[in-house]
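Asker: Pasting a structure here, questions to come.
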Amino acid sequence: MASVAERMLLVMPGDGLVRSAVAAGFDLWAVMRPGEPLPDAVRVERVFVAGPAAVTDGTLHSLLTGLVRRFGIGQLVCGPGAGDDVRGVVRRVRRERDGVLWRDPAAERLRDPVALRRLLRGGTLPPVRAEEALGIAQACAAVDRIGVPAVIKSRHEDGRWGGPAFVRDAESLALWAKAAVDGPHLVEELLVGPRYRVQTLSLGGMHHVVSVVREGPGAVTGVGADEVSRVRSCVRELLDLAGFAGGAMRTDAVLTPTGARIASCADGGL
């Protein structure tokens with residue numbers, strides 16, 4: 001019998017995500033749009049249909065909650081076909097079922113910018129220059145040592161990390177310091193180069209790359225084989241370092257002139 005970590009519910013998944021989930025060995029259920037081809041890899045009695053009205057009238061929320069509860073599903077993942085409204089419902093179900101859905105203990109380390117940088121010091125690639133700071137003054141001093149351009153990440157009182165602040169010169173650093181709230185910060189060198197978003201599924205410590213998409217100005221979905229290979233290798237090494245065994249993860253990587261580097265990690269499938 002499949003464990004909680006192996007039972008996965010895919011929402012508007014698309015063929016690529018279904019194939020990756022099957023290859024990884026997950027026990028699957030799926031919620032599809034009306035008229036969308038049914039995935040051959042998912043048993044027909046496990047495929048459910050939800051139209052646009054299902055979001056507004058609460059039907060989708062009830063469906064997802066009921067499936068998770070009835071079948072002991074541990075993984076709830078959105079596919080590329082899910083719009084922002086559907087993703088909002090999935091986020092709500094994840095919050096409400098927190099403690100029931102599977103959560104790999106290593107995921108917290110990957111999402112935490114400080115823990116991530118500490119972890120990557122044990123990898124084979126040169127680490128990103130980064131310094132931890134306990135306040136605004138220490139953060140400014142760290143920027144002086146690392147040099148501009150730099151990135152400053154700040155932790156809120158509730159423990160969550162906010163979006164990065166980009167510091168390009170002394171003037172922008174002074175503006176940041178004036179508006180910042182004292183507390184823990186992480187100062188990093190700005191990674192320069194093409195940026196890639198990598199979606200992965202892991203089970204039993206084996207990592208399956210679902211997609212590698214180049215982002216930003218001039219972004220393309222078709223990425224060169226050599227670029228994909230270097231980015232894949234970088235992401236897989238990170239997941240191995242973290243001991244990430246099971247679940248969906250999203251990793252942002254930058255292909256710098258000296259090789260691929262990890263920028264950040266977030267929950268996959270959202």
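The values are calculated or read from the model by the stated rules, or taken from the named source; none is laboratory data. Predicted, not measured: the structure shown is a model, and the values here were computed from it. No Cβ is skipped: glycine too gets one built from the backbone with ideal geometry, and neighbour counts run over all protein chains shown. Remember, those area values only see protein heavy atoms, side chains included, never the ligands or the DNA or RNA. Shrake-Rupley method; radii C 1.70, N 1.55, O 1.52, S 1.80 Å.
Asker: Which one of these is among the acidic types (Asp, Glu) and assigned to a loop (DSSP other than H, G, I, E, B): GLU171, GLU157? Break it down stepwise before answering.
Answerer: Numbers: GLU171 fails: assigned to a loop (DSSP other than H, G, I, E, B).
Criteria check complete, one pass: GLU157.
Asker: Hey, can you tell me all the residues within the stretch 147-183 that are open to solvent by less than 70 Å² (accessible area, probe 1.4 Å), of a type in the set (Phe, Trp, Tyr) and closer than 18 Å to PRO113 by Cα?
Answerer: Within the stretch 147-183, just TRP161 meets the criteria.
Asker: Separate question: I need the strands (runs of 3 or more DSSP E) fully contained in the stretch 1-110, keeping only those with at least 1 residues that are without any contact (Cβ under 8 Å) to a residue 24 or more places away in the chain and in contact with a Leu (Cβ under 6 Å, 6 or more places away or on another chain). Before you say what the answer is, go through the steps one by one.
Answerer: Details: elements: 7-11, 27-32, 47-49, 75-78.
In the stretch 1-110, the matching strands (runs of 3 or more DSSP E) lie at 27-32, 47-49.
Asker: Go over the candidates LEU203, LEU186, LEU238 one by one and state the one that is open to solvent by less than 20 Å² (accessible area, probe 1.4 Å), of a type in the set (A, V, I, L, M) and in contact with a Gly (Cβ under 9 Å, 6 or more places away or on another chain).
Answerer: Values: LEU203 fails: open to solvent by less than 20 Å² (accessible area, probe 1.4 Å); LEU186 fails: in contact with a Gly (Cβ under 9 Å, 6 or more places away or on another chain).
Criteria check complete, one pass: LEU238.
Asker: On to the next question. Could you list, in sequence order, the residues of the stretch 241-269 that are open to solvent by 30 Å² or more (accessible area, probe 1.4 Å), in contact (Cβ under 8 Å) with a residue 60 or more places away in the chain and under 16 Å from SER211 (Cβ atoms)? Please lay out each step first, then the result.
Answerer: To start, the set of residues in the stretch 241-269 that are open to solvent by 30 Å² or more (accessible area, probe 1.4 Å) comprises 241, 243, 245, 250, 257-258, 264, 267.
Those left that are additionally in contact (Cβ under 8 Å) with a residue 60 or more places away in the chain: 241, 243, 245, 257-258, 264, 267.
Correct list: ASP267 only.
Asker: Then there's this: With the condition kept exactly as written, say whether any residue in the stretch 76-96 is of a type in the set (Gly, Ala, Ser), surrounded by 19 or more Cβ atoms within 10 Å (Cβ to Cβ) and within 22 Å of VAL213 (Cβ to Cβ).
Answerer: First, the residues of the stretch 76-96 that are of a type in the set (Gly, Ala, Ser): 79, 81-83, 88.
Pick out the ones that are also surrounded by 19 or more Cβ atoms within 10 Å (Cβ to Cβ) and you get 79, 82.
Checking which are within 22 Å of VAL213 (Cβ to Cβ) leaves us with 79, 82.
Yes: the stretch 76-96 contains one or more residues that are of a type in the set (Gly, Ala, Ser), surrounded by 19 or more Cβ atoms within 10 Å (Cβ to Cβ) and within 22 Å of VAL213 (Cβ to Cβ).
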